Amino acid sequence: MTVKYFCMVMRINIDCSGCYRKVKRVLLDVPELEIHLLEKKQTRVIVGGRFIPQDVAIMIRKKTNRRVEILDIQEFSEDKDAEVMEDHKSMTNNNNWTLLATHQHQHQIETCLV
């Protein structure tokens, strides 16, 4: 089974700064995730990379002991993304977002948000 590039939007209950740190630490420890985006006020977590979405959600659930609800999963093809990424220059950031991403995958996260 080939693992493709996915963008997954999840809802995780992030009540306090301790919960936020716990989720962020777990996301940084998952090697399959290339990018992640946390929105504390909306309790949404957006992750992208080459992974199996259900496995990553289960892993986050086990490590954080928080309920994880998958809201959306998008699959990206490699050929289409290479063309679109060349045209894409920058991504806007809001004050309540934490963005850790490589420049080549910023467009994929942006399309996942839409």
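With a Förster radius of 22 Å applied to the C-beta separation of Cys16 and Ile70, the computed FRET efficiency comes to 0.45.
Placing +1 on each Lys and Arg Cβ and -1 on each Asp and Glu Cβ, with no other charges, gives the range 1-55 a dipole about its Cα centre of roughly 220 debye.
Every read-out reported here was derived from the displayed coordinates using simple, explicitly stated rules and does not represent laboratory data. Because the structure is a prediction, the values reported are computed rather than measured. Glycine also receives a Cβ, built like all others from the backbone with ideal geometry; neighbour counts cover every protein chain displayed.
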